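Input: a single structure, listed below in structure tokens.
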Amino acid sequence: MWEGVLGCLRGTAPPVPSGPVRVTIGNTHRERFAQRRGGEPAASHPPQCASIGMTAATKNRVYLGIIVALLLVIVGLAYKFIVAGSTRGHDDGRVAIVLEPAERALMLREMREFVVAIERVTDALARDDLPAVAMAARAAGSARAHDVPVAMLGKLPLEFKTLAFATHRGFDAMAARAEAGATPKETLVALSTLLQQCVTCHARYALATTAVPSGR
Ligand code: HEC
């Protein structure tokens, strides 16, 4: 059966339609479709089409089915890669993102760099040294986000990526404001807003690795 179907699909496409064609602008397609729906295999079909009773309309439906199936696969992959990521439940109720050990190490290193940036920002703030604030904040800005490999990005849920990029951008904004002459108090408010992103994400997400079956 399948050999017949595949052989038929591989056969030359039937020149549409057989029989007298009335080509009138406006309803050409409908007429052709009506003729094909007639049910009989078109004369120019490969013989195997007729033997398995595959009409041109059936053939079109099979093609349509294949296209729809491929589209569904593409949409499914896009959803998994962009929105869902690679996650499972964590013991403490958070969502655990499942990463390779090296990817987890990279993420945790970035996290520790966040702490370094915050330590430098607060130190500079305590001395009212706004150029130093700008330099420390810039080091944790969006430029750092480009270090993340694409394969790893695909494992992060959309909400996580949004929060992560917002945090990097928060550091950029703090640097820009410090350079533009923001007061230490304004910078402190910006820092506090930024820390809320850290808290929000830590409350929702944990990490798990492919190397350890459960937990971290
Ligand atoms: C988009 C989500 C997200 C944001 C935003 C975020 N973190 Fe994290 N961070 C995590 C996750 C997930 C872990 C792993 C936690 C776990 O497995 O329990 C983590 C771990 C850490 C760790 C532990 C590092 C280690 O070596 O174990 C530190 C420190 C940390 N984050 C600091 C910060 C700071 C500071 C900020 C804000 C400037 C921040 N994080 C923003 C998701 C985030």
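The values are calculated or read from the model by the stated rules, or taken from the named source; none is laboratory data. Note that the structure is predicted; figures quoted are calculated from it, not measured. Because the Cβ atoms are built from the backbone with ideal geometry, glycine has one as well, and the counts that use them run over all protein chains shown. All accessible areas refer to the heavy atoms of the entire protein, side chains included, with ligands and DNA or RNA removed. Shrake-Rupley method; radii C 1.70, N 1.55, O 1.52, S 1.80 Å.
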Exercise. Which of the residues spanning segment 66-104 are of a type in the set (S, T, Y) and at pLDDT 85 or above?
Worked result: T87
Problem set entry | So R177, is it in contact with a His (Cβ under 8 Å, 6 or more places away or on another chain), under 24 Å from A190 (Cβ atoms), free of Cβ contacts under 8 Å to residues at least 40 places away in the same chain and assigned to a helix (DSSP H, G or I) | no
For this session: Identify, from the list V73, V116, the residue that is over 27 Å from the mean Cα position of the chain (by Cα) and open to solvent by 40 Å² or more (accessible area, probe 1.4 Å).
Result: V116
For this session: Looking only at segment 203-213, decide whether some residue is assigned to a helix (DSSP H, G or I) and in the same structural domain as A102 (by TED's automatic domain parsing).
Result: yes
Exercise. Quick check: anything in segment 146-159 among the hydrophobic types (A, V, I, L, M, F, W, C) and farther than 30 Å from G85 by Cα?
Worked result: no
Problem set entry | Contacts under 8 angstrom Cβ, first residue in segment 107-123 being not assigned by TED's automatic domain parsing to the domain that holds C198, partner within 9 Å of the ligand (Cβ to nearest atom) and open to solvent by 30 Å² or more (accessible area, probe 1.4 Å), 6 or more apart | none
Exercise. In segment 71-98, how many are in contact with a strand residue (DSSP E or B) (Cβ under 6 Å, 6 or more places away or on another chain) and among the aliphatic types (A, V, I, L, M)?
Worked result: 4
Exercise. Just checking, which of L125, L188, L195 is part of a helix (DSSP H, G or I), away from the ligand (no atom under 12 Å from the Cβ), more than 25 Å from the chain's Cα centre (by Cα) and surrounded by fewer than 19 Cβ atoms within 10 Å (Cβ to Cβ)?
Worked result: L188
Exercise. Does A164 fit the bill of being farther than 17 Å from R109 by Cα and either touching a helix residue (DSSP H, G or I) at 6+ places or on another chain (Cβ under 6 Å) or not assigned by TED's automatic domain parsing to the domain that holds L77 (or both)?
Worked result: no
Problem set entry | Any chance R204 is closer than 23 Å to V98 by Cβ, within 12 Å of the ligand (Cβ to nearest atom) and open to solvent by 50 Å² or more (accessible area, probe 1.4 Å) | yes
Problem set entry | Residue list for segment 57-115, filter: near the ligand (Cβ under 10 Å from one of its atoms) and part of a helix (DSSP H, G or I) | R104, A105, M107, L108, R109, E110, M111, R112, E113, F114, V115
Exercise. Looking at (1) within 23 Å of the chain's Cα centre (by Cα); (2) loosely packed, with under 11 Cβ neighbours inside 10 Å, can you tell me which one P101 breaks?
Worked result: (2)
Exercise. Are any residues in segment 128-176 farther than 30 Å from L77 by Cβ, surrounded by fewer than 19 Cβ atoms within 10 Å (Cβ to Cβ) and within 16 Å of the ligand (Cβ to nearest atom), and if so, which ones?
Worked result: A139, D172, A173
